[in-house]
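Heads up: the structure comes next, in C-alpha cells.
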Amino acid sequence: MSTSAKLWGGRFQKPTHELVDQLNASLPFDQRLAHHDILGSLAHVTMLARQGIVPLEDARAIAQGLRTILREIEEQRFTFRLTDEDIHLSVERRLRELIGPAAGRLHTARSRNDQVALDFRLWLRDTILDIAAGIVETARALLDVAEAHHDVVMPGYTHLQRAQPVLLAHHLHAYVTMLDRDLARLRELYGRVNRSPLGSGALAGVPYPIDRELVAALLAMDGILENSIDAVSDRDFALEFLAVLAILMAHLSRLAEELVLWSSSEFGFIEFDDAFATGSSIMPQKKNPDVAELLRGKSGRVFGHLIGLLAVVKGLPLAYNKDLQEDKEGVFDAADTVSLLLRVLPPMLRTMRIDRERMALAAEANFTLATDVADALVRAGVPFREAHEVVGRMVAYCLASGKTFADLDRDELERFHPQLAAIALPRTAWDAIRSREHPGGTGTQHVASALRVSRQRLDEASEWITRQRERVEQAFRRLLSEELP
Ligand code: ARG
C-alpha cells in the first residue's frame, strides 16, 4: 500500500490533509447504506463468478466475508473509521482484513460511482415502502374518524369564512383522497427507483463480459438503467422522492393547520388527547397543539431538502462529480421526518375528541343556508342571478334587524320575492346536505360509499406494499444464504 494508506492511494506520494479527510468523508452519514451496500456486493460477486470474471473460490471467500461483515454491523461490532472515507471503502477494507488479497477482486467491473447509485436506490426502495405504509395508516385513521362521526355536520369554509354545511366525514375524506394520490405517486416512483445502475462502472461501462440483468434479478429489481452515463450521474429518483414528500407535507400541513384552528377556543371543534398535546411552562391553563404545529412546521425542512438537492444537481457536468455525495443527508432527513410524523398522526387522529354540538351550531350559523335558499328559488323557476340578488338582500335585512332566515314571517318573505313564501325553504344543515347526493358531493349516502371505495383502495395499496416487501426479502434471504455464488 502507498504512504496514504488509501485504497486508491497508488498514484499519491503524500497522505491527504486531515481536514480534507474530514471534508471528503461521507461515512458519518452513508454508513446507513451498509446493509444495502453489502447486498449489492453479494449480487455483484455472484455475477462475477457466474460469468467467470473472478475465480469461484475467491468469489465464495468474498461472499462469506461480506456476510460476516453484515453480521458485525448488525451486532454493532463493526468499527467505522473516518479515514475509510465512505461505506464502500469501509466494507472493502474490512473484507481485506478478513479474507486477505482475494478481497481485491470484489471491485472488478465496478466503480464506486455505480455502486453508490445502486446502494441509494436499494435503500430508497425500502424507504418508499415504509413511507407508503405510513400514508396508508394515516389515511385509515382519517377514515376511522370519518366513519365514527358519519352523522356530524360542520361548516365548510371558503376564505376561512363559513360557507356551506358539509359532513365532517366529507371534509376528512378530502384529505384521504390527497393521501391516495401521494400513494399513487410513490408507487409509480418505486418502479423508476427499482432499476440497477450496476455495470455502468465509472461512467462508460466496463470491459468484462458482465450480465447486468442477472445482478438486477438477484436484487429483485425491475431491470437495468439503459445508459451508463445517466446511471451514475442523475439523481432524479431522489429529487422525485423529495418532491413527492414535499407535496405530501403540503397536504399534511394543511390538515395540521385546520386541527390547530379547530382546537382553539375560538372554534372549539376538537380537543386533542392529553398524550398528544403539551403544556406551557408559564401559563398553567394552556393545552397546546404542538404535534399539529410540528407537523405544519416540519414541512419547511422537507421543502428545503428538495430545493437543496435541485441546487446540487443543477448545472453539474456529466457524469459523476463529488457534489453528488451531497445527495444523501437531505433525503435521509426528509424520510426520517416524514416517517416519524406518519407514525404520530394516526393515534393522534384516532384519540381526538370531536364536539359535534359546536360543529352543528356553527354549521347553521352565519347564513350558511343562503346558497340553498337561492337554489330553492331557482328550482321554482327564478334565474340564478336574480335568486342570488334576492337572498343577498335578505341577508342584509337580517343582519340589520338581528334576525335569522327562520325568523322571517310570510309578509317579510313575500316582500323579497313573491315565490319565497310559497316554496319549501331549506331550514337545517341537513336539508343542504341531503340535496347534494351526487358523486363528489357531501350527501350522506355518497360520502358513505366514497369512504368504502377509499378503504378498498387502501387495502389494495397495503397488499401491494406487502408483495413488494416479500419479493425484496426473498431475494435478500437468498443472497445471504450459503447458496450463492
Ligand atoms: N461517497 C461517494 C458518494 O457518496 C461514493 C462515490 C465516490 N466516487 C468517487 N469517484 N469518488 O457519492
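Taking the C-alpha atoms only, the angle from helix 87-99 to the longest principal axis of the chain is near 40 degrees. Computed from the Cα positions only, the extents of the range 390-485 along the three principal axes stand at 92, 25, 17 Å, in decreasing order. Here the spin labels are modelled as points 7 Å beyond Cα on the Cα-Cβ line, and at residue 281 and residue 157 they lie 3.1 nm apart.
Put simply, the range 35-133 fits an ellipsoid with semi-axes of 22, 17, 13 Å; these come from the alpha carbon gyration tensor as the roots of five times its eigenvalues, largest first.
Lysine pair count for the chain with Cα-Cα distance under 20 Å and sequence separation of 8 or more or different chains is 5.
Over the range 354-485, what is the mean sequence separation of C-alpha contacts under 8 Å (at least six apart), divided by residue count, expressed as relative contact order in percent?
Numbers: 76 pairs, mean separation 25.0, N = 132.
Across the range 354-485, relative contact order equals 19 percent.
Taking R0 as 25 Å, what's the FRET efficiency between residue 365 and residue 294 from their Cβ-Cβ distance, rounded to 0.05? Computed FRET efficiency for residue 365 and residue 294 comes out at 0.20. Packing, taken as the mean count of other beta carbons within 10 Å per residue, orders the peptides 251-259, 39-47, 432-440, 98-106 from highest to lowest as 39-47, 251-259, 98-106, 432-440.
May I ask you to order 370-378, 453-461 by the average number of other C-beta atoms within 10 Å around their residues, highest value first?
Details: 370-378: 19.8, 453-461: 15.6.
Output ranking for 370-378, 453-461: 370-378, 453-461.
The range 73-96 and the range 313-370 have their alpha-carbon centroids 35 Å apart. Measuring from centroid to centroid over Cα atoms, what is the spacing of the range 193-216 and the range 233-254 in Å? Cα centres, the range 193-216 to the range 233-254: 27 Å. Given R0 = 25 Å, the distance between the Cβ atoms of residue 344 and residue 64 translates into a calculated FRET efficiency of 0.05.
Principal semi-axes of the equivalent ellipsoid, √(5λ) from the alpha carbon gyration tensor of the range 1-46, are 26, 17, 5 Å from largest down. Where only DSSP H runs of four or more residues are counted, the chain gives -20000 deg cm²/dmol as its mean residue ellipticity at 222 nm, each run worth -39500 (n - 2.57). In terms of Cα atoms, the Rg and Dmax of the chain work out to 30.5, 103 Å. Using the average count of surrounding beta-carbon atoms within 10 Å as a protection proxy, the listed peptides 475-483, 306-314, 240-248 rank, highest first, as 240-248, 306-314, 475-483. The chymotrypsin sites (Phe, Trp or Tyr not before Pro) of the range 1-69 meeting both criteria, a DSSP state outside H, G, I, E and B (loop) and at most 15 other C-beta atoms within 10 angstrom of the site's C-beta, are 8, 12.
Bear in mind these aren't lab numbers, they're just calculated from the coordinates by the rules spelled out. Remember, it's a predicted structure, so these values are computed and weren't measured experimentally. Every residue, glycine among them, receives a Cβ derived from its backbone with ideal geometry; neighbour counts consider all protein chains shown.
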